[in-house]
């Protein structure tokens, strides 16, 4: 995926709201889109040229209960990894304990946990507030991770899974519905020398049914979390920890209420700007 031609699909809603954009993104996630960006008046989705089917997009959008319009533009082939590495991204230090940096970045002060990533497109660089809050929450609950089984749902580039392995998890599973994201997580795990402790898979929360986990990490959309909370609880051992983020503070009440229906008790919360991160215990 280093040098492919992409289609940029621009979806507009009238009026545009972040909630509508999240719903659209959740609906489109079943199609082979590789990344999404939200702007002031639209949602942009990116998909390899050969996998773009406007009829499929039209069909998915027709299932929404509000009006949308979409247009598509060709993006010239480019080396996405090189573009990210040459961009303004700098090494990120979280809580003075975790450093996230691009591959081959030299002269970075070392912290306790150092993670080098080379994400494809925008599968996760660690710079989003939700990722930082997830990392902080993991560090605060290190004893829940060390020596235990951890599942990272919606792993993206694998930042959280790699951190879990470096924190001493007995085994970590990294799962993403996008095969390219799962491959990116595998590559990053190998580069960080923790691949023997991480199993990367392409799939969704249904894979939780294959085993029991002490910790489940899910940095995804609120709509996906709401749909999958029952599955998360089903795969979590009693006394286990669930960390979720990827949603706004306005979604906390609905998520907390749904979690309580499945035996999950709120035990922690973080907020950064409009974003939130929640911790639940089973």
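The values are calculated or read from the model by the stated rules, or taken from the named source; none is laboratory data. As the structure is a computational prediction, the values presented were derived from the model and not from experiment. We place every Cβ from the backbone using ideal geometry, glycine too, and count neighbours over all the protein chains shown.
Residue 195 fulfils the conditions (1) surrounded by 24 or more Cβ atoms within 10 Å (Cβ to Cβ); (2) free of Cβ contacts under 8 Å to residues at least 40 places away in the same chain except for a single criterion, (1).
With 248, 190 as the choices, which residue is out of contact with any helix residue (DSSP H, G or I) (no Cβ under 6 Å at 6 or more places or on another chain) and closer than 21 Å to residue 36 by Cα? Quick ask: steps written out before the conclusion?
On the way: 190 fails: closer than 21 Å to residue 36 by Cα.
Answer to the check: 248.
With respect to residue 58, is the statement that it is assigned by TED's automatic domain parsing to the domain that holds residue 18, at pLDDT 90 or above and touching a helix residue (DSSP H, G or I) at 6+ places or on another chain (Cβ under 9 Å) true? Criteria not met by residue 58. Of all residues in segment 118-148 being modelled with pLDDT of 95 or more and either within 10 Å of the chain's Cα centre (by Cα) or surrounded by fewer than 20 Cβ atoms within 10 Å (Cβ to Cβ) (or both), which is farthest from residue 91 (Cα to Cα)? If we take residues in segment 118-148 being modelled with pLDDT of 95 or more and either within 10 Å of the chain's Cα centre (by Cα) or surrounded by fewer than 20 Cβ atoms within 10 Å (Cβ to Cβ) (or both), then 147 is farthest from residue 91 (Cα to Cα).
Here's the yes/no breakdown for (1) in contact (Cβ under 8 Å) with a residue 24 or more places away in the chain; (2) part of a strand (DSSP E or B); (3) crowded, with 23+ Cβ neighbours inside 10 Å:
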site: 200; (1), (2), (3): yes, yes, yes
site: 234; (1), (2), (3): yes, no, no
site: 255; (1), (2), (3): yes, no, no
site: 259; (1), (2), (3): yes, no, yes
site: 263; (1), (2), (3): yes, no, no
site: 279; (1), (2), (3): yes, yes, no
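Search segment 207-217 for residues being in contact with a helix residue (DSSP H, G or I) (Cβ under 8 Å, 6 or more places away or on another chain) and modelled with pLDDT under 95, and hand back the single one that is farthest from residue 172 (Cα to Cα).
Just the residues of segment 207-217 that are in contact with a helix residue (DSSP H, G or I) (Cβ under 8 Å, 6 or more places away or on another chain), to begin with: 208-209, 211-217.
Filter again for modelled with pLDDT under 95, leaving 208-209, 211-212.
On the way: 208: 12, 209: 15, 211: 12, 212: 12 Å.
Selected residue: 209.
Do we find that residue 251 is more than 16 Å from the chain's Cα centre (by Cα), surrounded by fewer than 22 Cβ atoms within 10 Å (Cβ to Cβ) and either in the same structural domain as residue 23 (by TED's automatic domain parsing) or assigned to a helix (DSSP H, G or I) (or both) in this structure? Reasoning before the result, please.
On the way: more than 16 Å from the chain's Cα centre (by Cα): yes; surrounded by fewer than 22 Cβ atoms within 10 Å (Cβ to Cβ): yes; either in the same structural domain as residue 23 (by TED's automatic domain parsing) or assigned to a helix (DSSP H, G or I) (or both): yes.
So residue 251 fits the description; yes.
Given the criterion surrounded by 17 or more Cβ atoms within 10 Å (Cβ to Cβ) and in a loop (DSSP other than H, G, I, E, B), identify the matching residue among 164, 184, 157.
Numbers: 164 fails: in a loop (DSSP other than H, G, I, E, B); 184 fails: in a loop (DSSP other than H, G, I, E, B).
That would be 157, the only listed residue that is surrounded by 17 or more Cβ atoms within 10 Å (Cβ to Cβ) and in a loop (DSSP other than H, G, I, E, B).
Applying the selection to segment 1-35, what residues are assigned to a strand (DSSP E or B) and more than 19 Å from residue 62 (Cβ to Cβ)?
The answer is 3, 4, 5, 6, 7, 8, 35.
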